[in-house]
1. Relative contact order (percent) for segment 112-253, with alpha-carbon contacts under 8 angstrom and 6 or more residues of separation?
2. Put +1 on the Cβ of each Lys and Arg and -1 on the Cβ of each Asp and Glu in the chain; which of I243, L304, Y158 then has its Cα farthest toward the positive end of the dipole?
3. Send over the Kirkwood Rh of segment 195-245, from the inverse of the averaged 1/r over different Cα pairs, rounded to one decimal Å.
4. Would you work out the relative contact order for the chain, in percent, from Cα pairs under 8 angstrom that are 6 or more residues apart?
5. Skip the ligands, DNA and RNA, and give the accessible area per residue of the chain with a 1.4 Å probe, whole Å².
6. In whole percent, how big is the carbon plus sulfur part of the accessible area of the chain, probe 1.4 Å, protein atoms only?
7. Quick check on the chain: helices-only [θ] at 222 nm, where DSSP H runs of length 4 and up contribute -39,500 (n - 2.57) each and the sum goes over total residues. Nearest 500, please.
8. Can you give me the relative contact order of segment 284-435 as a percent, contacts being Cα pairs under 8 Å and 6 or more apart?
Amino acid sequence: MKEDKKKKSYIGKVIYLIILICLIWVLCEIYNKYQVNNFNDFIRTEYKPYTSEFVRDNEVKYGDKNSYKISSKEENDAMFYKEIKVTPNTPYKVTCMVKTEDVKTTKEVSDSGAHISIADTVEKSKSITGTNDWQKLEFIFNSKNRNIVKLGFRLGGYEDNCIGTAWFSDFKIEVGAGNTDTNWNVACFVITNTKVNINNKEISLSMSDDEISLMRQNMSRFKSSCEELSNRKMSVTYDFIKIDEPLTTLSYDEENGYHADAKDVKKLIDIYLQKENYDHIFVCIKLGDNTHPNDIPVYDWIGLGGMDYLGIGFSNIRLPNSNKSYTYRYDARVNTFPEEVFIHEFLHSLERISKEYGYDRPNLHDYAKYGYKDEKLIGLKKWYQDYMNSEIKTNSGNIGLNKEIYSLKPNNQENFKFTYTLNKFNEPQNIIEEIKAIITKAINNLSMYNVGNTL
């Protein structure tokens with residue numbers, strides 16, 4: 001009898017041990033599954049649903065924590081993002097480590113890839129394509145008039161899709177300090193050669209020394225006019241940078257025809273942007289020549305503004321097709337305001353900034369609505385001056401650009417000499433914190449469910 005009891009006790013212990021091992025194994029599997037799929041309150045979204053794979057990768061990672069992996073075997077725009085509370089009109093810097101494998105864009109010329117962005121906007125960091133080992137990615141932005149932003153880590157882009165794999169890790173967000181300086185540092189890139197294929201025709205154009213000289217003179221006039229027209233509310237410093245390497249691609253849209261978008265020139269100008277913090281960019285190009293049989297189709301513009309590149313205002317300045325044009329040439333009998341197109345396109349950037357920060361302002365093109373005319377010799381100079389000083393008269397008072405606009409320049413590294421880090425991306429550091437996070441998430445989900453049933 002005693003031996004039977006011992007035998008049963010032994011068998012019971014073995015069964016208990018087996019059950020315990022099985023239970024531990026099940027819990028480990030559940031935990032591993034949780035680790036692979038736990039995105040810590042990040043929301044996953046994609047342009048083509050159920051196309052890309054989102055996982056937490058335990059094998060390819062930068063630090064101790066599983067990396068955040070997006071893999072797209074088919075072309076897609078995929079992102080995971082988190083809503084972050086921010087203080088209005090405050091600079092922020094977001095950094096992470098990123099690794100890529102065989103990342104390719106749909107379009108040959110594209111600004112898509114692995115990057116950091118604000119969802120539902122075009123605000124983004126630089127993009128990484130191809131196969132690259134871990135590297136630091138940085139995104140600087142201003143909250144403007146927002147209280148919440150959706151910070152996203154993305155494989156794809158606003159205008160283009162991608163295939164390939166990207167791993168993101170070690171997220172960090174820092175708060176910087178504003179800058180009330182009203183001096184705008186401007187880059188004028190003069191791309192002297194254009195060599196593009198348009199409608200299966202090779203077109204090669206070059207600027208003359210006289211044309212380059214006119215651009216140089218008008219940048220000097222632009223500097224003086226900005227200070228004069230704003231009644232010294234702003235000042236300008238600038239670099240005049242001549243680039244002989246040809247522009248080889250152009251963008252196209254139905255409204256403007258062919259033009260140089262940021263993605264067309266980034267390889268030519270990025271080296272300069274890495275060395276200097278600029279607040280606005282002019283890109284001067286030649287797209288036609290009366291002596292050339294194949295001009296590039298454009299639709300009635302000599303300047304295009306209101307664009308941006310990595311948060312910096314970005315404008316095209318197109319040289320006229322005729323070298324006899326007085327568009328950029330000073331002549332007391334014909335044109336005393338040859339820098340007008342530079343002023344106009346720069347003001348489009350200030351107009352865009354005003355809108356983004358929530359300031360009311362008239363549309364730059366609505367001069368006739370307020371009684372202004374394009375006058376001989378001076379063009380719209382009177383309109384620009386009143387626009388820049390909020391002296392456009394209406395029945396309800398004067399309107400124009402708010403004086404604060406002149407200090408709302410793009411943020412850069414100068415805004416982050418003294419910073420503090422927010423804990424918006426902190427992850428659980430151990431199993432106890434993991435369990436607490438799971439319980440908290442379950443309680444929150446249950447609360448949301450109950451609220452939804454009550455409504």
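1. On the way: 182 pairs, mean separation 31.9, N = 142.
Normalised by residue count, the contact order of segment 112-253 is 22 percent.
2. Y158
3. Answer for segment 195-245: a Kirkwood hydrodynamic radius of 13.6 Å.
4. Values: 881 pairs, mean separation 61.7, N = 455.
Averaging sequence separation for qualifying contacts and normalising by length gives 14 percent for the chain.
5. On a per-residue basis, 54 Å².
6. Accessible surface attributable to carbon and sulfur in the chain totals 50 percent.
7. The helix-only estimate for the chain comes to -9000 deg cm²/dmol at 222 nm.
8. Working: 168 pairs, mean separation 24.9, N = 152.
Result for segment 284-435 is 16 percent.
The values are calculated or read from the model by the stated rules, or taken from the named source; none is laboratory data. Predicted model only: the values in this text are computed from it and were never measured. Note that we place each Cβ from the backbone using ideal geometry, even for glycine, and neighbour counts take in every protein chain shown. Just the protein is used for accessible areas: all its heavy atoms, side chains included, with ligands, DNA and RNA removed. Shrake-Rupley method; radii C 1.70, N 1.55, O 1.52, S 1.80 Å.
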